[in-house]
Amino acid sequence: MSIKVDGIQSEDELQKAQASAQAQGTSIANYSEWAEILKEFSENGIESTGSYSGDKARLQEIQELTEQYVAQIQAQEQIKQTEPQNKETDKVQKSSETDREQQLKATVVNGTSSQILADYMKFYHLL
């Protein structure tokens, strides 16, 4: 008899499946790692895909998006630090800098939200 692990959506369900597997003398492959992933998902309001491979892929995707966002923020900060601080900058230059910052922020937000929405739709259709 085998233990069904498809459709597990929470840490509690995974623990119950593991207990059932142990009662049969087996265990769920990658149980510890999957339990950690499900714990992170529940803490951050992310829905499980119902499978270990799907949850692991989703976690990696989220981590990559986060790393990209952090890199963009760091690049922005570096640009700000390397630009000379001239207090007598005219209004045109100030407005163009503000426009560039706003455009960069909008691009980051649009890219991130588009990626998140695309991922959500992809996983929604898989359910």
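How would you rank Thr49, Thr98, going from fewest to most other Cβ atoms within 10 Å of each one's own Cβ? Write down the numbers at each step before the final one.
Details: Thr49 21, Thr98 10.
With the sparsest Cβ surroundings first, the list reads Thr98, Thr49.
Please label the shape of region 11-126 as rounded, prolate or oblate, based on the square roots a ≥ b ≥ c of the eigenvalues of the alpha-carbon gyration tensor (a/c under 1.5 means rounded; beyond that, a/b larger than b/c means prolate, else oblate). It would help to have the intermediate numbers written out before the result.
Details: a/c = 5.15, a/b = 3.15, b/c = 1.64.
It is prolate, given that a/c is not under 1.5 and a/b is the larger ratio.
Among the trypsin sites (Lys or Arg not before Pro) in region 1-73, which ones are in a DSSP loop with at most 11 other Cβ atoms within 10 Å of the Cβ? Mind listing them?
Listed in order of number, the matching sites are Lys4.
Counting other C-beta atoms within 10 Å, and keeping those with at most 10, which DSSP coil GluC sites (Glu not before Pro) do you find in region 11-89? Intermediate values should be presented prior to the final figure.
Working: sites: Glu11, Glu13, Glu33, Glu36, Glu40, Glu43, Glu47, Glu61, Glu64, Glu67, Glu77, Glu88; in loops: Glu47, Glu88.
Loop-located and lightly packed - Glu88.
In what sequence do Ile37, Ile79 fall when counting other Cβ within 10 Å, fewest first? Numbers along the way, then the final one.
Values: Ile37 21, Ile79 13.
Sorted ascending by nearby Cβ count, the order is Ile79, Ile37.
How many nm separate the modelled label positions at Gln115 and Glu40, each set 7 Å beyond the Cα in the direction of the Cβ?
1.5 nm
Putting +1 on Lys and Arg Cβ atoms and -1 on Asp and Glu Cβ atoms, find which of Gln18, Trp34, Ile73 reaches farthest to the positive end of the dipole of region 11-126.
Highest projection toward the positive end goes to Ile73.
Pop out the ³J(HN,Hα) list for region 38-48 in order, Karplus 6.51 cos²θ - 1.76 cosθ + 1.60 with θ = phi - 60°, rounded to Hz; leave Gly and Pro as x.
For region 38-48, the Karplus-derived couplings read 5, 5, 4, 4, 5, 5, 10, x, 9, 7, 6 Hz, x marking Gly and Pro.
Taking the Cα centre of region 11-126 as the origin, how large is its charge dipole in debye, to the nearest 20, when only Lys and Arg (+1) and Asp and Glu (-1) carry charge on their Cβ atoms?
Values: 11 positive and 20 negative charges, 48 e Å.
Charge dipole of region 11-126: 240 debye, to the nearest 20.
Which pairs break 30 Å Cα to Cα here: Lys80/Lys122; Lys39/Lys80; Lys16/Lys56? Don't jump to the answer; show the numbers that get you there.
Values: Lys80/Lys122 37 Å; Lys39/Lys80 38 Å; Lys16/Lys56 20 Å.
Going by Cα-Cα distance, Lys80/Lys122; Lys39/Lys80 fall outside the 30 Å limit.
Bear in mind that the values in this text are calculations on the coordinates, not laboratory data. Note that the structure is a prediction, hence the values are computed from the model and not measured. Note that we place each Cβ from the backbone using ideal geometry, even for glycine, and neighbour counts take in every protein chain shown.
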